[in-house]
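Enquirer: Below you'll find the structure I mean.
Nothing in this text is a laboratory measurement; each read-out follows from the coordinates by a stated rule. Predicted model only: the values in this text are computed from it and were never measured. Here the Cβ is made from the backbone with ideal geometry for all residues, glycine too, and neighbour counts use every protein chain on show.
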Amino acid sequence: MIDPATGMKPGERYRVENLERAHQFPGFFLDGKYYLGPELLTAIGWLEGQRFIYDELDATGEPVFPGRAAGDIAGLTLTLVDGTRLKISAIEHWPPEPRASRIEQPGSTPAEPKPGRAQQPVRGMLVATALLALAGCVLTVLRHRRR
């Protein structure tokens, strides 16, 4: 259950408004968990009441935030442990609409976004390749155990 004091509602996605000199949060909140990607495979953060626990490590393997506590959320504002305040806003359209990749000329009609997941094929191929490699390793181990 999401603490009502956070200002978040179940089933809605929220993003952290990033500031230039503050820690960047590229993912989104959904149902009290924080995800980096739309596939919802692994949450790298979560809420414990109003406390935002962010499980990110630096290059040495240490948590980016002391004790993994990034800060507290109240009224759709994340107050980081260093006092920086970042607004949290609901994501109105999901999945996000692709941004226009060309400059529109006066009198031209904007290109309609194509339906489907055209932005996801590379990620899907990487996941499929990783799963196939894992399956191959498992089969190899099983074959060696039989002998």
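Enquirer: In percent, what relative contact order does the range 4-90 have, based on Cα pairs under 8 Å that are 6 or more apart in sequence? Can you show the working numbers first?
Expert: Details: 156 pairs, mean separation 24.4, N = 87.
This gives 28 percent for the range 4-90.
Enquirer: A follow-up question, please. Between His93 and Glu62, what FRET efficiency comes out of the Förster formula 1/(1 + (r/R0)^6) with R0 = 25 Å and r the beta carbon distance, rounded to 0.05? Please list the in-between numbers first.
Expert: Values: r = 37 Å, r/R0 = 1.47.
My answer for the efficiency is 0.10.
Enquirer: If I histogram all Cα-Cα distances within the range 1-50 using bins 10 Å wide from 0, what percent of pairs lands in each bin?
Expert: 26, 52, 21, 0
Enquirer: So, in nm, how far is label Leu41 from label Arg85 when the simple model puts each one 7 Å beyond its Cα toward the Cβ?
Expert: According to this spin-label approximation, the distance is 3.8 nm.
Enquirer: Calculate how large, on average over all directions, the projected area of the Cα convex hull of the range 4-90 is; give the answer in nm² to one decimal.
Expert: Working: hull surface 22.4 nm².
Seen from a random direction, the Cα hull of the range 4-90 projects 5.6 nm² on average.
Enquirer: Any chance you could run the full-extension gain for Leu131 through Lys33? It's 0.36 nm times the residue separation minus the Cα-Cα distance, nm to one decimal.
Expert: Values: separation 98, 0.36 × 98 = 35.28 nm, distance 2.50 nm.
Full extension of this stretch gives 32.8 nm more.
Enquirer: Take peptides 27-36, 3-12, 137-146 and line them up by average Cβ neighbours within 10 Å, highest first, as a rough protection proxy. It would help to have the intermediate numbers written out before the result.
Expert: Details: 27-36: 19.5, 3-12: 13.9, 137-146: 8.7.
Top of the packing list down: 27-36, 3-12, 137-146.
Enquirer: If each of Glu17 and Met1 carries a label point 7 Å out from its Cα toward its Cβ, how far apart are those two points in nm?
Expert: 3.0
Enquirer: Points 7 angstrom from Cα along the Cβ direction at His144 and Arg51: gap in nanometres?
Expert: Using points 7 Å along Cα→Cβ, the separation is 4.3 nm.
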